[in-house]
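Chemist: Quick one: this structure, given as structure tokens, is what I'll be asking you about.
The values are calculated or read from the model by the stated rules, or taken from the named source; none is laboratory data. Fair warning: this is a prediction, and the values are worked out from it, not measured in the lab. So basically every Cβ, Gly included, is an ideal-geometry build from the backbone, and we count neighbours across all protein chains shown.
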């Protein structure tokens with residue numbers, strides 16, 4: 001029986017903050033704390049994984065919009081997690097509520113949009129763009 005994508009599905013992704021995900025390392029600042037771009041990537045990962053089991057074979061999602069606040073710093077070595085909840089389905093457009101936490105509490109929140117794509121067609125368009133640049 002095929003799973004049906006419905007509003008309300010959730011998914012959580014967990015990681016440990018490392019030097020590789022620090023603001024200093026990713027270039028978003030000079031401090032050794034969890035970088036905002038790394039937090040956003042974790043949030044996007046949670047959203048993508050949230051819906052992937054419901055998509056048809058050959059489909060995936062791509063992120064198209066983020067509206068995020070990063071409200072608290074997290075030190076290297078601490079566990080962080082992001083949770084995504086699907087709030088809206090508008091044909092191929094998906095809207096998520098996303099939150100991020102560390103071991104002390106909430107560190108970020110916001111909204112995220114993704115679109116369902118046919119991977120093969122999507123990559124054909126991307127590759128055509130590359131060919132047009134060379135020509």
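Results for (1) touching a helix residue (DSSP H, G or I) at 6+ places or on another chain (Cβ under 8 Å); (2) buried (at least 18 other Cβ atoms within 10 Å of the Cβ), shown as yes or no for each residue.
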{"site": "86", "(1), (2)": "yes, yes"}
{"site": "98", "(1), (2)": "yes, yes"}
{"site": "101", "(1), (2)": "no, yes"}
{"site": "125", "(1), (2)": "no, no"}
{"site": "129", "(1), (2)": "no, no"}
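Chemist: Let me ask something else. What tally of residues in the range 16-27 results from selecting those that are assigned to a helix (DSSP H, G or I) and farther than 14 Å from residue 107 by Cβ?
Modeler: Number of matching residues: 5.
Chemist: Could you grab the pairs with beta carbons closer than 9 Å, sequence gap of 6+ or different chains, first residue in the range 86-98 and at positive phi, second one in a strand (DSSP E or B) and modelled with pLDDT of 95 or more?
Modeler: Listed pairs, sorted by first residue: 91/116.
Chemist: In addition: Is it the case that the range 37-51 has a residue that's modelled with pLDDT of 95 or more and touching a helix residue (DSSP H, G or I) at 6+ places or on another chain (Cβ under 7 Å)?
Modeler: Yes, the range 37-51 contains at least one residue that is modelled with pLDDT of 95 or more and touching a helix residue (DSSP H, G or I) at 6+ places or on another chain (Cβ under 7 Å).
Chemist: For the list (1) touching a residue at least 60 places away in the same chain (Cβ under 8 Å); (2) outside any loop (DSSP other than H, G, I, E, B), I need the number of the one condition that residue 7 fails.
Modeler: Just one mismatch for residue 7, condition (2).
Chemist: Of all residues in the range 57-68, which are within 18 Å of the chain's Cα centre (by Cα) and either surrounded by 11 or more Cβ atoms within 10 Å (Cβ to Cβ) or part of a loop (DSSP other than H, G, I, E, B) (or both)?
Modeler: Hits for the range 57-68 are 59, 60, 61, 62, 63, 64, 65, 66, 68.
Chemist: Right, something else. From the residues in the range 33-51 that are without any contact (Cβ under 8 Å) to a residue 60 or more places away in the chain and not in a helix (DSSP H, G or I), which one is nearest to residue 98 (Cα to Cα)?
Modeler: Going through the qualifying residues, I end up with 35.
Chemist: What is the one condition in (1) touching a helix residue (DSSP H, G or I) at 6+ places or on another chain (Cβ under 6 Å); (2) part of a strand (DSSP E or B); (3) exposed (fewer than 15 other Cβ atoms within 10 Å of the Cβ) that residue 30 does not satisfy?
Modeler: With (1) touching a helix residue (DSSP H, G or I) at 6+ places or on another chain (Cβ under 6 Å); (2) part of a strand (DSSP E or B); (3) exposed (fewer than 15 other Cβ atoms within 10 Å of the Cβ) applied to residue 30, the lone miss is (2).
Chemist: Can you tell me which residues in the range 1-11 are loosely packed, with under 14 Cβ neighbours inside 10 Å and modelled with pLDDT of 95 or more?
Modeler: 6, 7, 8, 10
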